[in-house]
Amino acid sequence: MKHVCLFALLAFATFATPAADLLIEHVTVISPEQSQPLADRNVLIRDGRIVSVGQQAVAAKADTRKIDGRGKFLTPGLMDSHVHASDSAGIPPIGDDPALVALRDAYQRQQPRSYLYFGVTQLLDLASFGSGLKPFESQPVKPDLFHCGAAPVLDGYPTAMIPQPVRYLAFPDYVYEPANAKEHPLPAGANEADHTPEAVVERAAKGGARCFKIFIEDGFGPRSDWPMMSKDTLARVRAATRQHKLLLIAHANALGMQRIALDVGVDVLAHGLWNWDEYDGQPDLPAPIAEHLRKLHAKNIGYQATLRVLPGTADMFREDTLKDPMYAKVVPPSVLAWYATEPGQWFKQIMREGAPPSADVKIMHGWLKQNEQGMRALRYMQELGHPLLVGSDTPSAPTYGSQPGYDTYREMRLMAQSGVPLPVIFRAATLNNARQFGLDKDYGTVEAGKIANLVLLTGNPLETMRAWAQIEKVILHGNVIERETLAADKKP
């Protein structure tokens with residue numbers, strides 16, 4: 001433990017403040033506001049921000065660190081606008097067993113480094129509760145983290161999936177719905193005034209949230225009995241977010257749920273459309289689905305496809321998931337070994353729902369087939385020219401198939417497989433995300449004045465998606481980090 005703490009202190013001293021100017025010479029700059037790459041540029045960085053980007057030689061100070069960028073590509077750092085940094089993928093979130101606590105600690109120490117390993121330098125957590133983000137924020141080397149407030153309706157999703165004794169501890173900022181009072185009364189000792197839409201949104205705003213998330217979900221699969229907010233309550237939430245200048249984001253992935261979100265006037269959909277309700281299983285893009293997507297486009301609603309949600313669950317049913325060599329780079333060795341044990345398969349057993357192991361392949365293909373609908377919907381949004389956002393929803397559930405950083409990369413890869421051009425994906429992961437969430441003053445492009453969160457690659461990301469797996473260096477607030485020093489299998 002003393003060794004780990006010493007390493008953390010040394011890392012903090014190294015990355016907290018740049019010691020000298022940084023000059024990246026003769027590099028090709030790829031920035032989303034530019035129509036084409038800018039060859040042979042010199043990029044000067046000072047005090048954590050970009051000072052200049054130009055072709056002229058730079059009169060550098062004597063102690064300036066220089067990087068030869070010949071044959072390399074410099075981009076803005078990526079942003080993943082849908083993560084859950086307080087969760088530990090595949091590890092039970094409840095319980096004080098020392099072994100589980102140690103696993104969660106190991107995961108949380110590596111998590112920020114895994115995002116950086118794939119060039120993700122900004123994150124937006126869409127469901128921050130209480131002190132849940134403290135483990136992430138306490139790490140010495142980490143992406144810049146922003147968060148949303150979030151409020152489920154009392155006893156609705158996602159609290160409906162949590163046992164009653166701890167339900168309100170996990171989600172204290174629920175909204176009480178008077179229309180559901182008969183079946184879902186206010187818990188004993190709770191004050192109704194603390195759980196109005198106005199009170200909950202105000203607390204989120206005072207807590208530094210950039211946005212506010214609601215959950216429009218009446219059940220998964222055949223279920224449709226989870227309580228939801230009434231039309232009046234949703235309108236009050238919308239009014240409160242506007243009063244506090246917060247973007248309103250909705251969890252909604254089914255046609256009927258997204259129609260409600262459209263009527264509410266949300267700013268961003270936190271999921272793409274992979275549940276088509278009565279149109280499920282139809283080929284191509286049914287006319288009602290296309291009509292709905294055109295309405296989203298007309299209202300300029302932010303669109304996170306979150307294509308990795310269903311495959312992230314399906315990956316638990318693949319025999320080779322834990323043998324993926326990239327897992328050794330983003331998952332701590334102790335956690336990776338535990339995933340392979342019988343206790344580590346706990347969520348897989350839940351998702352089997354009593355089916356035998358022989359059904360694993362069928363279960364996997366079922367999830368992947370459902371995801372094809374989300375890919376078709378995304379392709380149509382791209383054809384409409386809709387500005388897309390990159391959000392991976394990592395981890396989307398307690399599945400070890402969803403891993404930090406790696407899933408951001410795989411989300412982008414699935415976008416490409418859906419037919420979205422690489423330059424459009426690049427823009428979605430940089431400037432579009434920054435603009436949507438009011439961060440474009442500091443992030444999203446390689447320009448003078450921007451925070452120097454950058455990625456140096458050996459491949460051109462406008463030509464191959466694999467370039468994002470060929471990162472050489474990550475630059476965080478002007479500090480240069482060699483990529484492999486961030487890997488989970490790299491000893492301090």
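The values are calculated or read from the model by the stated rules, or taken from the named source; none is laboratory data. It should be emphasised that the depicted structure is a prediction, and the values quoted were computed from it without experimental measurement. All Cβ positions, glycine included, derive from the backbone under ideal geometry; neighbour counts span all protein chains shown.
I'd like to verify a number: residues in region 182-202 that are under 12 Å from residue 172 (Cα atoms), modelled with pLDDT under 95 and surrounded by 15 or more Cβ atoms within 10 Å (Cβ to Cβ), how many?
Total meeting the criteria: 1.
Within the bounds of region 351-369, is there any residue that is surrounded by 14 or more Cβ atoms within 10 Å (Cβ to Cβ) and in contact with a Leu (Cβ under 8 Å, 6 or more places away or on another chain)?
Yes, the conditions are met somewhere in region 351-369.
Kindly state which helices (runs of 4 or more DSSP H) lie completely within region 258-364 and contain at least 3 residues that are in the same structural domain as residue 425 (by TED's automatic domain parsing) and touching a Pro at 6+ places or on another chain (Cβ under 9 Å).
346-352
What is the number of the single condition among (1) part of a loop (DSSP other than H, G, I, E, B); (2) under 18 Å from residue 126 (Cβ atoms); (3) at pLDDT 95 or above that residue 250 does not meet?
Only one criterion in (1) part of a loop (DSSP other than H, G, I, E, B); (2) under 18 Å from residue 126 (Cβ atoms); (3) at pLDDT 95 or above is unmet by residue 250, namely (1).
Applying the selection to region 457-480, what residues are in contact (Cβ under 8 Å) with a residue 60 or more places away in the chain and either of a type in the set (S, T, N, Q) or more than 15 Å from residue 426 (Cβ to Cβ) (or both)?
458, 460, 472, 473, 474, 475, 476, 477, 478, 479, 480
Please tell me if residue 413 is in contact (Cβ under 8 Å) with a residue 40 or more places away in the chain, of a type in the set (Lys, Arg) and more than 26 Å from residue 67 (Cα to Cα).
In short, yes.
List every residue pair whose Cβ atoms sit under 8 Å apart, with the two residues 6 or more apart in sequence or on different chains, where the first one lies in region 25-54 and is without any contact (Cβ under 8 Å) to a residue 24 or more places away in the chain and surrounded by 16 or more Cβ atoms within 10 Å (Cβ to Cβ) and the second, anywhere, is acidic (Asp, Glu) and not in a strand (DSSP E or B).
44/21
With the structure loaded, tell me whether residue 141 is of a type in the set (A, V, I, L, M), outside any helix (DSSP H, G or I) and either out of contact with any Pro (no Cβ under 6 Å at 6 or more places or on another chain) or free of Cβ contacts under 8 Å to residues at least 24 places away in the same chain (or both) or whether it fails that test.
Yes: the conditions hold for residue 141.
Inspect all residues belonging to region 105-112 and state whether any of them is among the hydroxyl-bearing types (Ser, Thr, Tyr) and in a helix (DSSP H, G or I).
Looking for residues that are among the hydroxyl-bearing types (Ser, Thr, Tyr) and in a helix (DSSP H, G or I), one finds at least one in region 105-112, hence yes.
Note down all Cβ pairs under 8 Å where the first residue falls in region 232-253 and is without any contact (Cβ under 8 Å) to a residue 40 or more places away in the chain, the second is assigned to a helix (DSSP H, G or I) and hydroxyl-bearing (Ser, Thr, Tyr), and they're at least six residues apart or on different chains.
248/241
Under the condition of being among the hydroxyl-bearing types (Ser, Thr, Tyr) and more than 23 Å from residue 391 (Cβ to Cβ), which residue from region 128-177 is surrounded by the fewest Cβ atoms within 10 Å (Cβ to Cβ)?
131
Among (1) in contact with a Leu (Cβ under 9 Å, 6 or more places away or on another chain); (2) modelled with pLDDT of 95 or more; (3) part of a loop (DSSP other than H, G, I, E, B), which single condition is residue 51 missing?
It fails just one condition, (3).
Restricting to region 187-243, name every residue that is aliphatic (A, V, I, L, M), in a loop (DSSP other than H, G, I, E, B) and within 18 Å of residue 127 (Cβ to Cβ).
Correct list: 209, 216, 228, 229.
Determine the pairs where a residue that is under 30 Å from residue 433 (Cα atoms), located within region 57-80, has a partner that is surrounded by fewer than 10 Cβ atoms within 10 Å (Cβ to Cβ) with Cβ atoms under 6 Å apart, the partner being 6 or more residues away or on another chain.
So the pair list comes out empty.
Assigned to a loop (DSSP other than H, G, I, E, B) and in contact with a strand residue (DSSP E or B) (Cβ under 6 Å, 6 or more places away or on another chain): does that describe residue 70?
In short, yes.
Restricting to region 263-292, give me the number of residues that are in contact with a strand residue (DSSP E or B) (Cβ under 9 Å, 6 or more places away or on another chain) and in contact (Cβ under 8 Å) with a residue 24 or more places away in the chain.
Within region 263-292, residues that are in contact with a strand residue (DSSP E or B) (Cβ under 9 Å, 6 or more places away or on another chain) and in contact (Cβ under 8 Å) with a residue 24 or more places away in the chain number 13.
So which residues in region 383-398 are polar (S, T, N, Q), at pLDDT 95 or above and in a loop (DSSP other than H, G, I, E, B)?
The answer is 392, and nothing else.
Could you grab me the full set of residues in region 337-350 that are buried (at least 19 other Cβ atoms within 10 Å of the Cβ) and farther than 19 Å from residue 364 by Cα?
If the condition is that a residue be buried (at least 19 other Cβ atoms within 10 Å of the Cβ) and farther than 19 Å from residue 364 by Cα, then 338 is the only one that fits.
Which one of the conditions (1) farther than 24 Å from residue 284 by Cβ; (2) more than 18 Å from the chain's Cα centre (by Cα); (3) modelled with pLDDT of 95 or more does residue 363 fail to meet, given that it meets all the rest?
Only one criterion is unmet by residue 363, namely (3).
At pLDDT 95 or above, out of contact with any strand residue (DSSP E or B) (no Cβ under 8 Å at 6 or more places or on another chain), among the acidic types (Asp, Glu) and on the phi < 0 side of the Ramachandran plot: does that describe residue 447?
no
Inspect region 130-137 for any residue being under 24 Å from residue 251 (Cβ atoms), touching a residue at least 60 places away in the same chain (Cβ under 8 Å) and in contact with a strand residue (DSSP E or B) (Cβ under 9 Å, 6 or more places away or on another chain) and give the result as yes or no.
no
Which of the residues spanning region 17-33 are modelled with pLDDT under 95 and either of a type in the set (Ser, Thr, Tyr) or not in a loop (DSSP other than H, G, I, E, B) (or both)?
17, the sole residue that qualifies.
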